[in-house]
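Peer 1: Before we start, here is the structure in question, set down as structure tokens.
The values are calculated or read from the model by the stated rules, or taken from the named source; none is laboratory data. Remember, it's a predicted structure, so these values are computed and weren't measured experimentally. Cβ atoms come from the backbone with ideal geometry, glycine included; neighbour counts cover every protein chain shown. When the accessible area is computed, the model is the full protein with side chains, heavy atoms only, and any ligands, DNA or RNA have been set aside. Shrake-Rupley method; radii C 1.70, N 1.55, O 1.52, S 1.80 Å.
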Amino acid sequence: MAASHCLQLNCKPLANKFGKLSPNPIAKVSSIRCSVTTPRKRYTVTLLPGDGIGPEVISVAKNVLNLTASIEGIQFEYKERPVGGAALDLTGVPLPEETLLTAKQSDAVLLGAIGGYKWDNNEKHLKPETGLLHLREGLKVFANLRPASVLPQLVDASTLKKEVAEGVDLMVVRELTGGIYFGKPRGLGTNENGEQIGFNTEVYASFEIDRIARIAFETARKRRGKLCSVDKANVLEASMLWRKRVNAIASEFPDVELSHMYVDNAAMQLVRNPKQFDTIVTNNIFGDILSDEASMITGSIGMLPSASVGESGPGLFEPIHGSAPDIAGQDKANPLATVLSVAMLLKYGLGEVNAANRIEAAVLDTLNRGFRTGDIYSPGTKLVGCKEMGEEVLKSVDSQVPAAPCHAVCSSEDSPFAAALDSPNPNPKT
Ligand code: IPM
Ligand code: MG
């Protein structure tokens with residue numbers, strides 16, 4: 001399939017394709033671009049840049065997606081909408097109805113980041129984070145896949161010793177629309193002593209555990225066949241049910257080796273011996289915490305993408321880092337987590353595996369050529385800002401076109417991300 005796309009390539013001046021957008025960084029890459037005359041597929045992507053560094057990283061990721069798409073004969077239409085603090089400022093709510101509707105009607109949703117100091121003291125329903133939670137709920141994306149692999153190029157950026165970090169390649173499958181994030185009752189109140197209390201409920205129904213467990217088993221099956229379910233079944237009833245249901249679903253996947261671990265131990269094992277993990281499945285709150293921890297093993301949270309998918313409808317793709325208000329607007333952000341989220345969007349959301357592999361290969365090539373943003377910088381490498389990093393990725397995407405036949409760059413085995421990302425597309429759009 002990939003090779004036949006190559007045969008359809010013909011050369012056109014870049015300006016034809018991008019019209020008046022000549023300052024576009026893509027234009028700096030080369031004046032001639034090989035593209036397919038008639039796009040074989042068209043998709044609509046809702047872009048939600050959000051707050052802080054969100055708009056900067058989304059702008060880079062969009063350029064990478066456009067260039068990759070033009071090579072692969074895919075066309076994207078974008079609908080940009082406000083979410084989080086940006087939406088609060090514009091409309092008074094963190095998730096305007098129009099944003100959710102547009103997202104639901106698109107083929108995939110790409111989010112930058114939400115949150116910032118400005119809105120930190122807002123009431124809960126007016127917090128940017130509430131917008132993101134409603135978006136996940138509204139799109140019914142209950143499965144959040146967060147890969148964390150230590151790339152050989154970045155092993156020195158890890159806070160762990162080289163021998164502990166190198167070779168780590170794990171996937172956290174986080175339940176995303178249940179548990180304590182959404183459980184009721186919740187609220188603020190007063191106890192019998194007249195003291196203020198805050199309370200939340202960790203609650204899971206069997207069907208919620210079963211469906212995330214199945215995705216996790218499928219994911220593990222496509223990786224190294226090992227699944228570790230993380231819970232707190234020695235204390236919490238919700239975790240006791242979690243463990244019981246995961247064990248029940250295990251009978252459908254006899255080829256996957258299942259283990260269980262308490263979350264406190266898992267947090268410890270992740271820094272003691274992270275290579276023991278292949279796929280981890282866990283609830284919403286434990287997944288939130290453990291995926292941040294796992295990101296540090298890889299060197300920087302600025303490198304980690306995520307995919308959130310449901311049973312049907314568009315997936316939501318976002319870097320796992322936040323809005324980083326301390327560096328927002330300073331061209332210091334690492335755009336690679338968002339670029340890799342675009343690769344996940346293509347792979348998991350649209351089933352466009354070749355295009356996804358191109359992007360992963362381009363990110364690796366950029367790192368191989370020594371470019372680093374501040375978060376992954378080490379002496380001897382070239383420090384660049386967000387925009388320049390984006391331009392270098394574009395050069396790498398561009399250089400794959402004449403330098404390698406499609407079947408070479410599109411082979412999933414070529415990509416060191418392959419093991420991390422190569423799990424089933426639980427929500428195929430094609
Ligand atoms: C994440 C974030 C969010 C979460 C916040 C911003 C609501 O930390 O995606 O990990 O807690 O899920
Ligand atoms: Mg988090």
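Peer 1: If we scan the stretch 282-293, do we find a residue that is away from ligand 1 (no atom under 14 Å from the Cβ) and either farther than 28 Å from L100 by Cα or open to solvent by 10 Å² or more (accessible area, probe 1.4 Å) (or both)? Quick ask: steps written out before the conclusion?
Peer 2: Looking only at the stretch 282-293, we keep the residues that are away from ligand 1 (no atom under 14 Å from the Cβ), and these are none.
No, every residue in the stretch 282-293 fails to be away from ligand 1 (no atom under 14 Å from the Cβ) and either farther than 28 Å from L100 by Cα or open to solvent by 10 Å² or more (accessible area, probe 1.4 Å) (or both).
Peer 1: Looking at (1) closer than 21 Å to S306 by Cβ; (2) in contact (Cβ under 8 Å) with a residue 40 or more places away in the chain; (3) in contact with a helix residue (DSSP H, G or I) (Cβ under 8 Å, 6 or more places away or on another chain), which is the only condition R214 fails?
Peer 2: Evaluating R214 over (1) closer than 21 Å to S306 by Cβ; (2) in contact (Cβ under 8 Å) with a residue 40 or more places away in the chain; (3) in contact with a helix residue (DSSP H, G or I) (Cβ under 8 Å, 6 or more places away or on another chain) leaves (2) as the failure.
One line per residue, one yes/no per condition, for (1) modelled with pLDDT of 95 or more; (2) open to solvent by less than 60 Å² (accessible area, probe 1.4 Å); (3) within 19 Å of G287 (Cα to Cα):
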position	(1), (2), (3)
R186	yes, no, no
T190	yes, no, no
Q196	yes, no, no
E208	yes, yes, yes
I215	yes, yes, yes
R221	yes, no, no
G225	yes, yes, no
E252	yes, no, no
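Peer 1: Looking at P379, P416, which is the one that is in a loop (DSSP other than H, G, I, E, B) and modelled with pLDDT of 90 or more?
Peer 2: Every option except P379 fails the conditions.
Peer 1: For residues that are hydrophobic (A, V, I, L, M, F, W, C) and open to solvent by less than 30 Å² (accessible area, probe 1.4 Å), scanning just the stretch 238-250, find the one that is nearest to R221 (Cα to Cα). Spell out how you get there, then give the answer.
Peer 2: Going residue by residue through the stretch 238-250, those that are hydrophobic (A, V, I, L, M, F, W, C) are 238, 240-242, 246, 248-250.
Cutting the leftovers down to open to solvent by less than 30 Å² (accessible area, probe 1.4 Å) gives us 238, 242, 246, 249-250.
Values: A238: 26, W242: 20, V246: 15, I249: 14, A250: 12 Å.
Once the filter is applied, the top-ranked residue is A250.
Peer 1: Tell me yes or no: at least one residue of the stretch 44-55 is without any contact (Cβ under 8 Å) to a residue 60 or more places away in the chain and touching a strand residue (DSSP E or B) at 6+ places or on another chain (Cβ under 8 Å).
Peer 2: Among the residues of the stretch 44-55, at least one is without any contact (Cβ under 8 Å) to a residue 60 or more places away in the chain and touching a strand residue (DSSP E or B) at 6+ places or on another chain (Cβ under 8 Å), which makes the answer yes.
Peer 1: Another one. Mind checking which residues of the stretch 90-147 are surrounded by 18 or more Cβ atoms within 10 Å (Cβ to Cβ), hydroxyl-bearing (S, T, Y) and away from ligand 1 (no atom under 14 Å from the Cβ)?
Peer 2: Correct list: T99, T102, S106.
Peer 1: Continuing with this model, one more query. Can you find a residue in the stretch 273-281 that is within 16 Å of ligand 1 (Cβ to nearest atom), in contact (Cβ under 8 Å) with a residue 24 or more places away in the chain and acidic (D, E)?
Peer 2: no
Peer 1: Given the condition crowded, with 22+ Cβ neighbours inside 10 Å, of a type in the set (D, E) and within 16 Å of ligand 2 (Cβ to nearest atom), answer yes or no: does some residue in the stretch 318-327 qualify?
Peer 2: From the stretch 318-327, those crowded, with 22+ Cβ neighbours inside 10 Å are 318-321, 323-324; that's our starting set.
Of the ones still in play, those that are also of a type in the set (D, E) are 318.
From what is left, the residues that are within 16 Å of ligand 2 (Cβ to nearest atom) are 318.
Yes: one or more hits.
Peer 1: Filter the stretch 276-288 down to the residues that are assigned to a helix (DSSP H, G or I) and more than 9 Å from ligand 2 (Cβ to nearest atom), then identify the one that is farthest from A250 (Cα to Cα).
Peer 2: Within the stretch 276-288, the first condition is being assigned to a helix (DSSP H, G or I), and the residues that meet it are 276, 284-288.
Next, only the ones that are more than 9 Å from ligand 2 (Cβ to nearest atom) stay: 276, 284-286.
Details: Q276: 20, N284: 20, I285: 23, F286: 21 Å.
This residue is I285.
Peer 1: Ok, one more. So how many residues does the stretch 56-89 have that are assigned to a strand (DSSP E or B), free of Cβ contacts under 8 Å to residues at least 60 places away in the same chain and open to solvent by less than 30 Å² (accessible area, probe 1.4 Å)? Lay out the reasoning, then the answer.
Peer 2: Taking the stretch 56-89 and keeping what is assigned to a strand (DSSP E or B), we get 74-80.
Narrowing further to those that are free of Cβ contacts under 8 Å to residues at least 60 places away in the same chain: 75-80.
With open to solvent by less than 30 Å² (accessible area, probe 1.4 Å) added as a condition, the list becomes 76.
The total comes to 1.
Peer 1: Among V235, V150, V173, V164, which is the only one that is at pLDDT 95 or above and open to solvent by less than 10 Å² (accessible area, probe 1.4 Å)?
Peer 2: Details: V235 fails: open to solvent by less than 10 Å² (accessible area, probe 1.4 Å); V150 fails: open to solvent by less than 10 Å² (accessible area, probe 1.4 Å); V164 fails: open to solvent by less than 10 Å² (accessible area, probe 1.4 Å).
After applying the criteria, what remains is V173.
Okay, residues lined up against (1) within 13 Å of ligand 2 (Cβ to nearest atom); (2) of a type in the set (S, T, N, Q); (3) out of contact with any Asp or Glu (no Cβ under 6 Å at 6 or more places or on another chain):
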site	(1), (2), (3)
H260	no, no, yes
D264	no, no, yes
S295	yes, yes, yes
G302	no, no, no
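Peer 1: Moving on. Given the conditions (1) under 29 Å from D51 (Cβ atoms); (2) open to solvent by less than 10 Å² (accessible area, probe 1.4 Å), and given that N357 satisfies all but one, which numbered condition is not satisfied?
Peer 2: Every listed condition holds for N357 apart from (1).
Peer 1: For P325, which of the numbered conditions (1) within 19 Å of the chain's Cα centre (by Cα); (2) within 16 Å of ligand 1 (Cβ to nearest atom) fails to hold?
Peer 2: Status for P325: all satisfied but (1).
Peer 1: Of the numbered conditions (1) in a helix (DSSP H, G or I); (2) open to solvent by 10 Å² or more (accessible area, probe 1.4 Å), Y43 fails exactly one; give the number of that condition.
Peer 2: Unmet condition: (1).
Peer 1: Suppose we filter S341, S308, S291 for residues that are polar (S, T, N, Q), in a helix (DSSP H, G or I) and either touching a Lys or Arg at 6+ places or on another chain (Cβ under 7 Å) or free of Cβ contacts under 8 Å to residues at least 60 places away in the same chain (or both); which single one remains?
Peer 2: Numbers: S341 fails: either touching a Lys or Arg at 6+ places or on another chain (Cβ under 7 Å) or free of Cβ contacts under 8 Å to residues at least 60 places away in the same chain (or both); S308 fails: in a helix (DSSP H, G or I).
Just a single option satisfies the conditions, and that option is S291.
Peer 1: In addition: Could you tell me whether A403 is open to solvent by 70 Å² or more (accessible area, probe 1.4 Å), more than 16 Å from A69 (Cβ to Cβ) and at pLDDT below 95?
Peer 2: Working: open to solvent by 70 Å² or more (accessible area, probe 1.4 Å): yes; more than 16 Å from A69 (Cβ to Cβ): yes; at pLDDT below 95: yes.
Considered against the rule, which asks whether it is open to solvent by 70 Å² or more (accessible area, probe 1.4 Å), more than 16 Å from A69 (Cβ to Cβ) and at pLDDT below 95, A403 comes out as yes.
Peer 1: Here's a follow-up. So, in the stretch 259-272, of the ones that are over 20 Å from E237 (Cβ atoms) and open to solvent by less than 30 Å² (accessible area, probe 1.4 Å), which residue ends up nearest to ligand 1 (Cβ to nearest atom)? Full working, then the answer.
Peer 2: To start, the set of residues in the stretch 259-272 that are over 20 Å from E237 (Cβ atoms) comprises 259, 267-272.
Adding the requirement that they be open to solvent by less than 30 Å² (accessible area, probe 1.4 Å) leaves 269-270.
Numbers: Q269: 20, L270: 16 Å.
Looking at residues that are over 20 Å from E237 (Cβ atoms) and open to solvent by less than 30 Å² (accessible area, probe 1.4 Å), I get L270.
Peer 1: Can I ask one more? So is T373 more than 16 Å from ligand 1 (Cβ to nearest atom), within 25 Å of G50 (Cα to Cα) and modelled with pLDDT of 95 or more or not? Spell out how you get there, then give the answer.
Peer 2: Values: more than 16 Å from ligand 1 (Cβ to nearest atom): yes; within 25 Å of G50 (Cα to Cα): yes; modelled with pLDDT of 95 or more: yes.
When the stated conditions are applied, T373 passes them.
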